[in-house]
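A quick write-up on the structure given underneath.
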Protein chains: 10
Amino acid sequence: MNRNDVTEMIVAAKIAKGIKWADVAVKIGLAKEWVTSACLGQMAFTAEQAAIVADTFALPPEAIPVLQAVPYKGSLPTAVPTDPLIYRFYELISVYGTTFKELIHEEFGDGIMSAIDFKMDLQREPHPAGDRVSITMSGKFLPYKTY
Amino acid sequence: MNRNDVTEMIVAAKIAKGIKWADVAVKIGLAKEWVTSACLGQMAFTAEQAAIVADTFALPPEAIPVLQAVPYKGSLPTAVPTDPLIYRFYELISVYGTTFKELIHEEFGDGIMSAIDFKMDLQREPHPAGDRVSITMSGKFLPYKTY
Amino acid sequence: MNRNDVTEMIVAAKIAKGIKWADVAVKIGLAKEWVTSACLGQMAFTAEQAAIVADTFALPPEAIPVLQAVPYKGSLPTAVPTDPLIYRFYELISVYGTTFKELIHEEFGDGIMSAIDFKMDLQREPHPAGDRVSITMSGKFLPYKTY
Amino acid sequence: MNRNDVTEMIVAAKIAKGIKWADVAVKIGLAKEWVTSACLGQMAFTAEQAAIVADTFALPPEAIPVLQAVPYKGSLPTAVPTDPLIYRFYELISVYGTTFKELIHEEFGDGIMSAIDFKMDLQREPHPAGDRVSITMSGKFLPYKTY
Amino acid sequence: MNRNDVTEMIVAAKIAKGIKWADVAVKIGLAKEWVTSACLGQMAFTAEQAAIVADTFALPPEAIPVLQAVPYKGSLPTAVPTDPLIYRFYELISVYGTTFKELIHEEFGDGIMSAIDFKMDLQREPHPAGDRVSITMSGKFLPYKTY
Amino acid sequence: MNRNDVTEMIVAAKIAKGIKWADVAVKIGLAKEWVTSACLGQMAFTAEQAAIVADTFALPPEAIPVLQAVPYKGSLPTAVPTDPLIYRFYELISVYGTTFKELIHEEFGDGIMSAIDFKMDLQREPHPAGDRVSITMSGKFLPYKTY
Amino acid sequence: MNRNDVTEMIVAAKIAKGIKWADVAVKIGLAKEWVTSACLGQMAFTAEQAAIVADTFALPPEAIPVLQAVPYKGSLPTAVPTDPLIYRFYELISVYGTTFKELIHEEFGDGIMSAIDFKMDLQREPHPAGDRVSITMSGKFLPYKTY
Amino acid sequence: MNRNDVTEMIVAAKIAKGIKWADVAVKIGLAKEWVTSACLGQMAFTAEQAAIVADTFALPPEAIPVLQAVPYKGSLPTAVPTDPLIYRFYELISVYGTTFKELIHEEFGDGIMSAIDFKMDLQREPHPAGDRVSITMSGKFLPYKTY
Amino acid sequence: MNRNDVTEMIVAAKIAKGIKWADVAVKIGLAKEWVTSACLGQMAFTAEQAAIVADTFALPPEAIPVLQAVPYKGSLPTAVPTDPLIYRFYELISVYGTTFKELIHEEFGDGIMSAIDFKMDLQREPHPAGDRVSITMSGKFLPYKTY
Amino acid sequence: MNRNDVTEMIVAAKIAKGIKWADVAVKIGLAKEWVTSACLGQMAFTAEQAAIVADTFALPPEAIPVLQAVPYKGSLPTAVPTDPLIYRFYELISVYGTTFKELIHEEFGDGIMSAIDFKMDLQREPHPAGDRVSITMSGKFLPYKTY
């Protein structure tokens, strides 16, 4: 049993039982963004978190240590994603990638926005012309240094 | 003279003259995110905007109609970006792509976050452990409908 | 049991039982284009639709919630399709892609034709020199806006 | 001077002079879809058509025979297009490719829709919730035969 | 049971029983080229043909409707084939592709040789310096038309 | 001046002067298939042939030794060709590749059809339902031997 | 049971029983290079050879006809090999490929070294500074001919 | 002026002047295999060698230090070579790659044949059925060691 | 049972039993870097080492000879790694690759750092601003030689 | 004039003038590893550093602001490097990538070694069996955190 097996079990149980990610996040006590990515095999759980997850999705006991091991990350089957929802994020990088680069360098100098010391929040933004998805990302700026 | 030629002229002039994107945005009267992406060849300018851009970067007159034509979009030379700053955004999609998908579907049902009816704001977020890059994205939710 | 498993069951049952997509569409009460794509794993069904599909193709009960979950979309095994029928559509984009772009921009300005707020209709067009396939696509124009 | 050179001249002249594809089509006396694709280097012109094109875009005389030669077709720089407008068409094939295949085979048997004996028409479809792009494609069905 | 499963059964039975493609073609009453490609999963059989194939290769009854469904075509595992015999055909296109294009256009004008309204014949051509493979291909010329 | 430069000069001169490949072949005294591929940079000419080619296309004297050097072969810009005429040949390999393999092995045993000791002939085949392209290929069978 | 299955059985039995390729070659009576490549699924055995192979590796009887069928060749899982030993051969082609081409053409004119009418011998070459791998390849020169 | 420029000058001069690689090798006093690969931009020359090369091919003085710098190696434009002569070597690795691996490991244990401490010799091997290309490669075996 | 199967068993047992690589290394008596890579299927064990590994991870007896066979190396599922930790090493090569090349050539002349006669040591480097990963690599310089 | 142009000027001047990277590093007062990567277009210089670089390599004045702009990083022309020296580093990641991952996670938990807060030192390590390249890398450990 590897992490992919466990992720497939979680996804199947979620669908079969009608569980919501937001509810799992409440049980774990962390943001729904972190908890969902962890359930989808991208983050490592602590022992207590793994026990809650196993209980929630009725996983076998062998799954519990697997949930605690650091996974091989990367959730997508192709380098350019085919799913339209995910592709739109890829398109944003394609269209705005050099803009991100220019504006971050203009404000901070040479360096990057960390994808590790990073958190995000995804919310519904009500709007008369149709509600919007609002995503706030926050990543530590890491400067290149000379040596 | 095509749009790539004009973009290279803009970038060269920006470096040579020490122009800031934020100042160009003020002249145009729009957000720095939109103005930068347009200067980098991803958006079409109006006639007045094009004239301001040409004046700011000392572009030849032939560049003005080129800035008004809709460009072939996509700002990156490779499908997986090599530049570390831009790669981190690609990595976020790789790691969080299925999380975006699950949470948006849980909140809104089947559909996507538009990358066209979209805006964003990039700011410095002061933090005692090191300042952070904060990006707020807002895209209209577009539902799949049956027919 | 994931969505791919269910799609394979549907395709196998369709062949074994000689079911027609057009008949399934009548049962569901929607266009054959939408119903076929949904049966092939590209759209999410409602509970009632899923029950009809399960009954039609004699699927096991566990398949019903799977049909209601939003699938990971993308129906083709390779980036450039190898099947001749599907390749011809890819070729049309290769040959006419820039034409689509120029004519839509000439008529509407900068923006795209939505692939989400989209419907289509595929019909036989009788013709003395050999019948033709007629496809009418209709997608909402989504304009890029400044901000 | 090859066809790519001529295409670049046409595009540059169109932008500089503010020429519309629809007007060129009227001069040529054919559909705007065919004329645009031919101007963009995907079709071969007759001698008279080439003369009109050269006159319209002020091309040098050497361009006239080049416009009459059959071009190496394919208008896009990458196998998966990066431009959002063109990508949506690629996405439609990704999502609906197997649907096209199933419905054409159900109606016509084994074979393809020709991309050669093909024509299309692109129109604005007025709609209270926002105008739509309407595209009607018509391609001859070509059956596979036994031998 | 999908078409790939049936193809693997056919190939395994052919090897185990020492069946020859030419003999299957005689039973079906069509050319060995068409029959072999159909047995290898590239063409759809009629009901009578499928029954003969099933009988010849001792396939289970469920295979019969599968043989009648139109398959997803494309017989090779990689875009550039690794098998030396098949690669030589790929090499011929690489070396002679532009020659095919020039000579067909010189003789027929703009258009293509159909790969659908197509037949071929593969024979041994005796030769004192070593026998040769002779392949005659015949495909209908399909002209591009203006509209 | 390399071979690509010379090929571009030949193609440009052919278009500008309205030269036919078949006429060049008559001047050289060889088949139009070989001569065309050689003019397109895929074969090496002898000194006399090179002189005729240079004279026919009004090439500069430096081109003559370049035409005699063995070129780096491969005439297509992408691994999967985008031009519809050339793609149809690629599709034939995709659909019939395993058929070629099975039938050649059935007739000859393990080995290949040579793409070097190879010739071909391309002709118009008149047909009441529309003329056809007829291509006859002849390649020496080369057996794998044990050692 | 296909050829890959048989190859995996051979490799597993070789490891489990500690069989040496050189000893299998002696039993077959051919060079170790040919015998190893055939056992690894790249060549077709005769009936007697297949019987010896089956006996040596304790294969089931169904494997014997499979060993006699001509396999789909190509032994590597990726176009650029990842295994360091095999990569070094790829690197030699990358670094020396144009050298092979120039020297063979200088000596023989236009043509190739056959990879079919080919044999090779791999030996240990004792050397005071560390023993060396010595590989002698011999392939028939096949000239391109005019026609 | 970079190394590619110099290589192109050498190749052009070789063709224009009818120089033979074997003669250049005699002037340099090294094997034709090493000298040819160095002239083709894959090896670094010493000062004296560079002077001889510059003199032989009538290179400008600036080329001399460029010939002495270590080049970025890799002589082929695509990962899978399109030129038939060079492809045959790639095919040998594809077909015999696992054989090389098995036989070297059987003889030497885990390790590789060096592509750096490597030399080769390419000769014509006369043969009544047609002369053959004979290539002898010798590379130091480098063992993996534990630590 | 092949090496991949054994590697998966080792990884599963490690997680289930909470074994540490550093402890396995102590049992084997070699560096943790070598032992971990060998356990992950990249190196061949001796008979004694294989017995210890089998005992440690409770592997079945058939696994022991498999651990002693030389594996097909390469531990990553994609050419550009998706896992963020491993990607950073890829990024270092992308950013510093030409720097490695220039500095090694400046110090040693033309040649490479061996990846075979190679060892490395990975340690925690305590640091007040956050501990660091320290990796020391040592590879024999292998010079290109003339011949 | 863009950064690539400046990098090519630097490399050409270095070769023509026989400048050593180590000497440039002394002038700048930083490590040779950082200075070389910056000269090769991977890092941004300060105004004073840029002036020293321009003086050392006799660059035109326009190059000075270009050297101060943050470059688009990535120094290699292909995703898998072809140059043997650089490939060996890629191979180390292929063979040891999962080992890096396991050992860093075992020591530090989930997170990465930073490639931004990173420095390295490359030295000659004298050794009786042949000198070695010694590279010490030090990157800050960045932990994934829950939120």
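Matching residues to (1) of a type in the set (D, E, K, R); (2) under 24 Å from G:PRO71 (Cβ atoms):
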position	(1), (2)
E:GLU48	yes, no
E:ALA51	no, no
E:ASP55	yes, no
E:ILE64	no, no
E:LEU85	no, yes
E:TYR90	no, yes
E:PHE118	no, no
E:GLU125	yes, no
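Residue-by-condition table, conditions (1) modelled with pLDDT under 95; (2) under 25 Å from A:ALA63 (Cα atoms); (3) assigned by TED's automatic domain parsing to the domain that holds I:ALA115:
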position	(1), (2), (3)
I:GLY18	no, yes, no
I:ALA22	no, yes, no
I:GLU33	no, no, no
I:THR36	no, yes, no
I:THR46	no, no, no
I:ALA50	no, no, no
I:GLY74	no, no, no
I:THR78	no, no, no
I:PHE89	no, no, yes
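Please go through (1) under 30 Å from G:VAL80 (Cβ atoms); (2) open to solvent by 50 Å² or more (accessible area, probe 1.4 Å) for I:ALA44 and return the number of the only condition it doesn't satisfy.
Only one criterion in (1) under 30 Å from G:VAL80 (Cβ atoms); (2) open to solvent by 50 Å² or more (accessible area, probe 1.4 Å) is unmet by I:ALA44, namely (2).
Would you confirm, using the coordinates I've provided, whether E:VAL80 is open to solvent by 20 Å² or more (accessible area, probe 1.4 Å), within 14 Å of chain G (Cβ to nearest Cβ), of a type in the set (A, V, I, L, M, F, W, C) and free of Cβ contacts under 8 Å to residues at least 40 places away in the same chain?
So E:VAL80 fits the description; yes.
Can you find a residue that is at the interface with another protein chain (Cβ under 7 Å from one of its Cβ atoms) and part of a helix (DSSP H, G or I) anywhere in the range E:52-59?
Among the residues of the range E:52-59, not one is at the interface with another protein chain (Cβ under 7 Å from one of its Cβ atoms) and part of a helix (DSSP H, G or I), which makes the answer no.
Would you mind stating whether E:TYR72 is in contact (Cβ under 8 Å) with a residue 40 or more places away in the chain, of a type outside the set (Val, Ile, Thr) and open to solvent by 20 Å² or more (accessible area, probe 1.4 Å)?
When the stated conditions are applied, E:TYR72 passes them.
Residues to consider are J:LEU92, J:LEU85; find the one that is in contact with a His (Cβ under 9 Å, 6 or more places away or on another chain), within 14 Å of chain H (Cβ to nearest Cβ) and under 25 Å from I:TYR144 (Cβ atoms).
Details: J:LEU92 fails: in contact with a His (Cβ under 9 Å, 6 or more places away or on another chain).
One residue alone meets the criteria, J:LEU85.
Using the structure shown, decide if E:ALA31 is farther than 17 Å from F:PHE100 by Cα, within 15 Å of the chain's Cα centre (by Cα), open to solvent by less than 40 Å² (accessible area, probe 1.4 Å) and not aromatic (Phe, Trp, Tyr).
In short, no.
Name the single residue that is farthest from the other protein chains (Cβ to nearest Cβ) among those in the range B:7-37 being touching a Pro at 6+ places or on another chain (Cβ under 9 Å) and assigned to a helix (DSSP H, G or I).
Of all residues in the range B:7-37, those touching a Pro at 6+ places or on another chain (Cβ under 9 Å) come to B:7, B:9, B:15-18.
Now drop any that are not assigned to a helix (DSSP H, G or I), which leaves B:7, B:9, B:15-17.
On the way: B:THR7: 9, B:MET9: 11, B:ILE15: 5, B:ALA16: 6, B:LYS17: 9 Å.
So, considering only residues that are touching a Pro at 6+ places or on another chain (Cβ under 9 Å) and assigned to a helix (DSSP H, G or I), the one farthest from the other protein chains (Cβ to nearest Cβ) is B:MET9.
Scan the range G:96-116 for residues that are touching a residue at least 24 places away in the same chain (Cβ under 8 Å) and open to solvent by 30 Å² or more (accessible area, probe 1.4 Å) and jot them down.
If the condition is that a residue be touching a residue at least 24 places away in the same chain (Cβ under 8 Å) and open to solvent by 30 Å² or more (accessible area, probe 1.4 Å), then G:PHE108 is the only one that fits.
Does the range A:126-135 hold any residues that are within 14 Å of B:LEU103 (Cα to Cα) and of a type outside the set (A, V, I, L, M), and which are they?
A:ARG132, A:SER134
Consider D:VAL70 carefully, then state whether it is farther than 25 Å from C:GLY139 by Cβ and not in a helix (DSSP H, G or I).
yes
Could you pull out the residue among H:ALA16, H:ALA50, H:ALA25 that is in contact with a helix residue (DSSP H, G or I) (Cβ under 6 Å, 6 or more places away or on another chain) and open to solvent by 50 Å² or more (accessible area, probe 1.4 Å)?
Unique residue meeting the criteria: H:ALA16.
Could you tell me which residue of the range D:105-120 is farthest from C:LEU40 (Cα to Cα), considering only residues that are part of a helix (DSSP H, G or I) and in contact with a strand residue (DSSP E or B) (Cβ under 6 Å, 6 or more places away or on another chain)?
It comes out as D:PHE108.
When you go through (1) more than 24 Å from B:GLY97 (Cβ to Cβ); (2) open to solvent by 10 Å² or more (accessible area, probe 1.4 Å); (3) not assigned by TED's automatic domain parsing to the domain that holds C:ILE28 one by one for C:ILE64, which number turns out not to apply?
Result: C:ILE64 passes all but (3).
Mind listing just one residue for me: the one in the range G:60-69 that is within 26 Å of E:ILE86 (Cβ to Cβ) and free of Cβ contacts under 8 Å to residues at least 24 places away in the same chain and, of those, farthest from the other protein chains (Cβ to nearest Cβ)?
G:ILE64
Hey, any hits in the range I:22-33 for a residue that's more than 29 Å from G:THR78 (Cα to Cα) and among the basic types (Lys, Arg)? Lay out the reasoning, then the answer.
Residues of the range I:22-33 more than 29 Å from G:THR78 (Cα to Cα): I:22-32.
Cutting the leftovers down to among the basic types (Lys, Arg) gives us I:27, I:32.
Yes - at least one qualifying residue is present in the range I:22-33.
Name the pairs whose Cβ atoms lie under 6 Å apart, with the first residue in the range H:119-147 and open to solvent by 60 Å² or more (accessible area, probe 1.4 Å), the second in a strand (DSSP E or B), and 6 or more positions between them or separate chains?
Filtered contacts from the range H:119-147: H:LYS119/H:SER138; H:ASP121/H:THR136; H:GLN123/H:SER134.
Run B:GLU8 past the list (1) modelled with pLDDT of 95 or more; (2) crowded, with 17+ Cβ neighbours inside 10 Å and report the number of the one that doesn't hold.
Single failed check for B:GLU8: (2).
If I go through the range H:95-105 residue by residue, how many of them are within 14 Å of chain F (Cβ to nearest Cβ) and among the aromatic types (Phe, Trp, Tyr)?
Count: 1.
Spot the failing condition for E:GLN42; the list is (1) touching an Asp or Glu at 6+ places or on another chain (Cβ under 8 Å); (2) more than 14 Å from chain G (Cβ to nearest Cβ); (3) not charged (D, E, K, R), and only one is missed.
If we test E:GLN42 against (1) touching an Asp or Glu at 6+ places or on another chain (Cβ under 8 Å); (2) more than 14 Å from chain G (Cβ to nearest Cβ); (3) not charged (D, E, K, R), just (1) comes out false.
The values are calculated or read from the model by the stated rules, or taken from the named source; none is laboratory data. Owing to the predicted nature of the structure, the values given are computational and were not obtained by experimental measurement. Using ideal geometry, Cβ is built from the backbone for each residue, glycine included, and neighbour counts are taken over all protein chains shown. Ligands, DNA and RNA are excluded from the accessible area calculation, which covers all protein heavy atoms including side chains. Shrake-Rupley method; radii C 1.70, N 1.55, O 1.52, S 1.80 Å.
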